Amino acid sequence: MGNLRTGHIVEAAIWLGFCLFLYIYSFDFEQEIEIYKFGASAWPRTILLLIAIAAIGQLIYNWKKGDGSATSMIAQAHDDSTDGSDHNSLKWYLWTFFLLALPFIYMNLPEGIAAIMSLEQPGLHVAKLVVAAVVVVVYVFAIRGNHVGGILALPILFGAFLQDFGFYAMAPIFILGVMFLFGERRYKRMLVVGGGIFALLLMFFVSLLYVGLPTGNVGWFYDFGTSMVNILQ
Amino acid sequence: METFNNFLGGTITLFSDPLGIVIFFGGVIGGMLFGAIPGVSMLTLAAILLPFTAHLSPEHGIMLFSVIYCTGVYGGAITAILFNIPGAPENAPTAFDGYPMTKNGQAGRAVGAAVMCSALGGTISAVIMMIATAPIANWAISAFGPPEIFALVFFGLAVASSVGAKTFWKGWLSILIGLLIAVVGLDPVGGIKRWDFGMPYLLAGIHFIPTILGFFAVTEIFVQAENKVRGSYQAPKLSVDFPSLAELVAHKVAVVRSIVIGFFCGILPGIGATLAAFMGYNEAVRWSKDKSEFGKGKLEGVISSETANNAATGAAMIPLLALGLPGGALTAMMVGVFQMHDMEPGPLVFLNSADLVWVVFAAMFFANLSILFVGYMETKTIINLLRIPFQFLAPMILCLATVGAYAVRGLAIDVIVMFVAGAIGFFLRRSGYSVAGIVLGLILGRIGEQTFAQAMQMLHFEWSGFAGRPIAAGLLIAGVLTLAGSIYGAFFKKQ
């Protein structure tokens with residue numbers, strides 16, 4: 001095994017599996033192009049081959065030198081790897097990936113429910129509200145003891161809610177949430193600073209530059225978003 | 001003499017027009033601010049302003065964008081140095097040494113060096129641009145076809161693979177991820193859908209602005225978040241002690257080398273300031289007697305990167321104005337400005353709109369010069385941003401990044417792409433991969449594939465055709481040798 005650790009083998013396996021997955025899907029676009037004999041798949045497959053070679057090269061490197069030092073001093077200076085960290089266990093990864101999956105559950109589940117129950121648009125909006133509420137509750141419980149995972153997932157959750165509930169309703173909650181996860185507990189200061197950040201953003205981008213931000217499309221949130229735009233512009 | 005007269009004419013036209021003056025200074029300050037505000041970039045400002053240029057004259061519209069280009073490239077250095085968030089990919093190498101300097105309490109020295117070198121590189125580049133536009137454009141047109149551009153992309157990636165990652169292999173994996181992201185969407189030759197997985201959004205490809213915002217701005221927040229939770233977060237130390245002139249004179253060789261590298265990278269369509277900055281930085285490392293200091297806060301790293309990227313701005317205008325070929329996102333937007341006025345950039349612009357060309361040249365010269373003065377004043381204000389506690393700065397940066405990602409195309413999915421890229425960047429960075437490598441691969445990937453396809457068509461699909469083109473062959477051999485040297489170093493050199 002030389003200097004190999006399980007993590008090195010898992011890392012190489014992830015790369016090779018990733019390459020295999022994309023290689024299989026590359027047959028979808030394996031079409032001839034009249035003026036270009038290599039076709040549309042040659043370039044992507046070459047990249048996949050090079051990724052596989054580099055992943056094996058990295059594995060051989062690990063086998064010979066373990067984690068080794070970086071090949072250059074510049075690389076050493078940029079090394080953010082966290083081998084001794086608490087956030088490196090399998091449990092932490094699984095927990096974090098569960099948190100990261102929550103936004104995608106929200107993005108797909110309401111449509112699925114609506115399709116199964118043959119819901120019209122108002123019903124779909126109710127489904128979205130219910131699923132969003134459940135996802136938020138699960139998120140709040142799941143981040144206990146995993147603040148880093150919570151910080152990674154919160155912006156994606158915010159992005160997932162943006163289209164349906166709008167920037168105007170979601171941004172203040174998001175700002176306060178990020179402050180909380182970063183350890184701020186002085187609630188009055190959070191409200192004042194958070195309100196200030198939100199007001200500055202709206203004044204600069206919406207009132208001054210007329211940037212169109214998402215107003216949302218779910219019931220009351222849409223009304224709130226559009227009325228905010230009307231007030232600010 | 002004719003060049004000087006033309007320049008004088010352009011200057012008089014520029015500064016005798018009150019609206020022109022307002023637009024010029026608006027562009028100077030706007031470019032710097034948007035370049036410097038974490039989470040947004042000069043591209044955000046340019047994208048927002050693009051529709052409004054229809055109400056301006058072509059001279060004012062193009063001049064505004066060229067001024068934003070010059071000062072925005074500098075502005076991105078401020079966030080690269082202070083927050084490790086490069087305003088644009090061309091500022092990524094600036095962060096390699098600039099951010100460690102901030103951590104060492106030398107933010108002022110790093111920003112001061114960026115101010116002086118950006119102004120110097122940009123101004124000299126603008127002068128060379130004015131003197132040598134025609135001969136250099138003619139040489140590039142005749143000497144650089146698709147095989148040469150592909151070879152240059154290959155060489156650039158080979159050189160850049162050694163920067164930022166923990167090992168050579170992880171450096172290459174980082175670049176290859178970028179190349180892979182660039183593949184998603186329609187293929188450049190036949191328009192065939194690739195890896196769209198049935199999602200209409202992916203047909204247009206993954207937009208580089210949300211991806212760059214994610215890999216740089218968002219990843220940095222996540223990394224700082226983990227440091228804060230682990231209790232290893234170190235607030236940057238403040239200082240405003242700009243470097244002395246003597247200190248910069250001591251780096252004159254690095255400055256001259258970076259100007260030459262920046263100019264020649266900038267002149268080639270699609271290569272531009274990003275590769276210039278990476279190559280400027282890499283060459284500084286290569287020629288340095290004390291390589292071990294790079295990445296830990298060496299002033300020469302900031303000087304080389306910032307001189308090279310601003311030196312590329314003047315040169316990048318040559319293919320745009322002479323050939324109508326945009327070299328990057330901002331120059332592509334300039335093509336949009338031309339088209340909104342029923343004009344096409346290209347050789348005819350020199351014949352039909354010589355006034356426009358010289359107003360733009362004069363504006364770029366003075367914009368670069370103004371970095372020196374406006375940059376100093378503005379920088380001291382921006383350094384004070386560091387006094388804001390990170391728990392308040394983080395939501396501000398994330399919200400600005402959200403607005404920046406959304407404003408590009410008005411798609412909420414771009415915001416999700418940005419945050420997902422941020423999370424991926426977080427995991428990759430903590431595993432020793434390089435986010436700068438990913439972004440370089442992403443940007444050069446499309447150009448690389450397109451020029452490779454064109455080159456192979458030109459060479460009738462004969463690989464030996466490259467051997468008959470000395471520049472292409474030379475660059476390919478240099479790239480292969482660089483790779484071979486890195487592989488040898490990775491396996492056989494003692495640690």
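The values are calculated or read from the model by the stated rules, or taken from the named source; none is laboratory data. Remember, it's a predicted structure, so these values are computed and weren't measured experimentally. Note: ideal-geometry Cβ built from the backbone for every residue, glycine included; neighbour counts use all protein chains shown. Protein only, heavy atoms only, side chains kept; ligands, DNA and RNA dropped before computing areas. Shrake-Rupley method; radii C 1.70, N 1.55, O 1.52, S 1.80 Å.
A few notes on this one:
- Inter-chain Cβ neighbour count for B:403-414, averaged per residue, equals 4 (cutoff 10 Å, partner chain atoms only).
- Here's the list of aspartates and glutamates a cross-link from residue B:103 could span, going by alpha-carbon distance under 18 Å and ignoring same-chain residues fewer than 8 apart: A:79, A:80, B:220, B:226, B:241, B:293, B:300.
- Cut-off 12 Å between beta-carbons: net charge of the residues surrounding residue B:57, Lys and Arg +1, Asp and Glu -1: -3
- Averaged over peptide A:170-182, the number of partner chain Cβ atoms lying within 10 Å of each residue's Cβ comes to 4.
- Crossing angle, helix A:42-65 versus chain A [Cα axis fit, 0-90 degrees, rounded to tens]: 70
- Helical mean residue ellipticity (222 nm; -39500 (n - 2.57) per DSSP H run of 4+; nearest 500) of chain B: -24500 deg cm²/dmol
- Total charge dipole magnitude, region A:6-77, about the Cα centre, Cβ charges on Lys, Arg, Asp, Glu only, Debye to nearest 20: 360
- Protein accessible area in chain B, 1.4 Å probe - carbon and sulfur %: 68
- Normalised by 2.2 N^0.38 Å, with N the number of residues, the alpha-carbon radius of gyration of chain B equals 0.92.
- Among the protein heavy atoms of region A:90-232, carbon and sulfur supply 74% of the accessible surface, probe 1.4 Å, non-protein parts ignored.
- Label separation (residue A:24 vs residue B:477): 4.5 nm, computed from points 7 Å beyond Cα along the C-beta direction.
- Rounded, prolate or oblate (a/c below 1.5 giving rounded, otherwise prolate when a/b exceeds b/c) for region B:387-445 by Cα gyration tensor: oblate
- Prolate/oblate/rounded call for region A:90-232, Cα gyration tensor, a/c under 1.5 rounded: oblate
- Nearest 10 degrees, 0 to 90: helix A:90-116 Cα axis against chain A principal axis: 50
- Mean partner shielding of peptide B:193-203, defined as the number of other chain Cβ atoms within 10 Å of each residue Cβ, is 2.
- Sequence-separation-based contact order of region B:52-116, relative, with Cα cut under 8 Å and 6+ spacing, percent: 24
- Extreme residue, positive dipole direction of the protein assembly as shown, given options A:232, B:73, A:215 (C-beta unit charges): B:73
- In a simple Cβ point-charge model (Lys, Arg +1; Asp, Glu -1; nothing else charged), region A:74-233 has a dipole of about 520 debye relative to its Cα centre.
- In this Cβ point-charge picture (+1 for Lys and Arg, -1 for Asp and Glu), region B:2-492 has a dipole of about 1540 debye about its Cα centre.
- Chains A and B together bury roughly 7600 Å² of accessible area, counting both sides, with a 1.4 Å probe on protein heavy atoms only.
- Short-range pairs are left out: with C-alpha atoms under 8 Å and at least six residues apart, the relative contact order of chain B is 30 percent.
- Cα-only Debye scattering, the protein assembly as shown: base-10 log of I(q)/I(0) at q = 0.05, 0.07, 0.11 Å⁻¹: -0.23, -0.47, -1.24
- For a straight C-alpha distance cut-off of 15 angstrom, the aspartates and glutamates reachable from residue A:128 (same-chain residues fewer than eight places away being disregarded) are A:111, A:120, A:164.
- Helix A:121-142 vs. chain A, principal-axis angle (Cα, 0 to 90°, nearest 10): 60
- Each part reduced to its alpha carbon centroid, region B:453-495 and region B:199-216 end up 30 Å apart.
- Normalised contact order of chain A, rounded percent, pairs of Cα under 8 Å and 6 or more residues apart: 15
- Shape call, region A:6-77: gyration tensor on alpha carbons, a/c limit 1.5: prolate
- Total formal charge among the other residues, if their Cβ is under 11 angstrom from that of residue B:14, Lys/Arg +1 and Asp/Glu -1: -3
- Accessible area of region A:90-232 divided out per residue, in Å², using a probe of 1.4 angstrom: 49
- Accessible area per residue, Å², chain B with all protein chains present, probe 1.4 Å: 33
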